[in-house]
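As structure tokens, the structure follows; a few thoughts come after it.
The values are calculated or read from the model by the stated rules, or taken from the named source; none is laboratory data. The structure displayed is predicted, hence computed values, not measured ones. Please note: Cβ atoms are built from the backbone with ideal geometry, for glycine as well, and neighbour counts cover all protein chains shown. Remember, those area values only see protein heavy atoms, side chains included, never the ligands or the DNA or RNA. Shrake-Rupley method; radii C 1.70, N 1.55, O 1.52, S 1.80 Å.
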Amino acid sequence: MLRWSRFADVISRQLELFQRDEAELIRQCEEAERAYDRAERDEAEERYGDYVDLVETGTEALADLRWTYAATLDEDAAEDYEQAFNQAVRKRLPPFGTEIDLRVATMPTMHGESAVVRLLRKGSSFVALDQIGLSARGEAILRRTLQAPFGMIIVTGPTGSGKTTTLAASLALINEPTRKILTIEDPIEYQIPGINQTQVHPSIGLTFASALRSFLRQDPDVIMVGEMRDAETAHIGVHASLTGHLVLTTLHTNTAAGAVARLIDMGVESFLLASSVRAIVGQRLVRILCEHCKQPHRITASDLTQDHRYSSLGFAAGEVVHNPKGCDWCAFTGFRGRQGVFEVMEVSPLLRRAIGPKTDASDLEQVARGDGMTTMTEDGVAKCRAGLTTIDEVFRVTASL
């Protein structure tokens with residue numbers, strides 16, 4: 001098993017860096033990465049590195065910081081793979097007068113145990129809906145559908161794309177004393193006063209599906225399901241949305257339109273989806289340029305010739321984009337903070353008629369774009385033109401879409 005005392009020492013040392021110079025933080029992380037590369041395979045010592053591109057320096061960024069550690073098990077514990085497989089543990093540390101939740105997920109590997117530790121400051125406030133990066137049209141659609149008495153709103157994207165943050169911001173918007181809101185999550189990341197939040201516990205039979213069945217006997221107005229993982233959960237959620245409940249949930253799909261095809265593949269009838277789904281949000285996260293040091297660059301004809309990405313995204317000679325530079329404020333990374341790029345697909349009457357048993361995601365996306373939807377790539381380009389991010393960031397998260 002993991003040596004928690006050693007883990008606590010490592011994490012406490014890293015947290016102390018937030019009280020020092022920000023540039024020193026990055027230097028320490030780079031040294032740790034180099035030390036990791038030099039370590040021999042048979043060394044039984046803790047090794048750690050930091051994903052520098054995800055670092056948001058400053059003490060206020062603890063809620064978004066993701067550290068990746070690699071720890072080594074004792075030989076006896078390493079042999080017991082069944083016991084060591086995919087552990088998920090939470091632990092609290094009280095450095096500097098605040099509590100930090102440590103979400104630890106582990107996986108045995110050939111030369112030791114790989115562990116991912118997510119740090120979340122207890123009681124950290126969630127981002128408001130108008131701060132996550134939605135366009136004016138997308139925000140208006142989401143606000144309107146959140147006021148509906150019943151139906152389903154789905155947020156899609158890969159792990160780490162900010163889906164939980166979007167759901168938390170949405171729930172906070174409709175959190176009123178007259179509404180009973182129940183959530184089932186794995187785990188509970190944002191604690192929202194006034195909302196009844198439940199965490200899954202498979203060992204006692206508390207799963208997404210079983211919690212949903214219990215929720216329907218609790219007379220809720222709004223139900224939030226952390227993820228539609230299986231057909232049973234999907235069926236119960238869809239039927240709940242058709243019987244007077246507003247259901248918010250997430251799916252792991254690449255695009256907003258892909259959520260419909262995914263639910264049909266899980267066995268949900270297409271006519272039920274056409275009647276229940278009100279809006280689908282697809283999203284990714286891009287790094288935001290540092291306001292103190294970003295450098296403007298006017299695109300030239302030579303740029304268009306040498307880098308075909310400009311023309312593929314619709315840029316023309318004479319337009320201004322911005323590039324990262326690096327300064328003390330951003331710890332010389334050129335970026336500070338992250339924001340979402342979105343596509344919000346409202347299920348209009350035209351789109352409802354397009355949903356069928358053999359619906360193709362690309363066909364639905366074409367219909368939605370005809371209704372005015374902007375894709376994640378187009379939203380990213382708009383953020384490039386606004387000087388918020390770079391063309392590299394947009395391609396990093398949307399190139400495969």
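The label point for A148 and the one for E291, both projected 7 Å from the Cα toward the Cβ, are 3.6 nm apart. In nm, what is the difference between 0.36 nm times the number of residues separating N175 and R298 and their Cα-Cα distance? Gain on extension, N175 to R298, equals 39.8 nm. Put simply, the Cα atoms of the range 128-282 extend 42, 36, 30 Å along their principal axes, the longest span coming first. If you take the alpha carbon atoms of the range 316-401 and fit the smallest convex hull around them, that volume is 121 Å³ per residue.
Checked against a 31 Å cut-off, the cross-linked pairs K358/K383; K163/K383; K163/K294 give Cα-Cα distances beyond that limit for K358/K383. Here the convex hull built on the C-alpha positions of the range 207-269 has a volume of 77 cubic angstrom per residue. Using the Cβ of K358 as centre and a radius below 13 Å, the other residues enclosed give a net charge of -4, where K and R count +1 and D and E count -1.
Determine, from the Cβ-Cβ distance of D371 and T159 and an R0 of 25 Å, the FRET efficiency 1/(1 + (r/R0)^6), rounded to the nearest 0.05. That pair, D371 with T159, gives E of 0.30.
Overall, the accessible surface of the range 122-188 at a probe of 1.4 angstrom is composed of carbon and sulfur to the extent of 55 percent.
Once the chain from L216 to S362 is taken as fully extended at 0.36 nm per residue, the excess over their C-alpha distance is 49.1 nm. As a test, work out the antiparallel percent of DSSP beta bridges whose residues both lie in the range 157-229, rounded to the nearest 5. Bridges in the range 157-229 are about 10 percent antiparallel.
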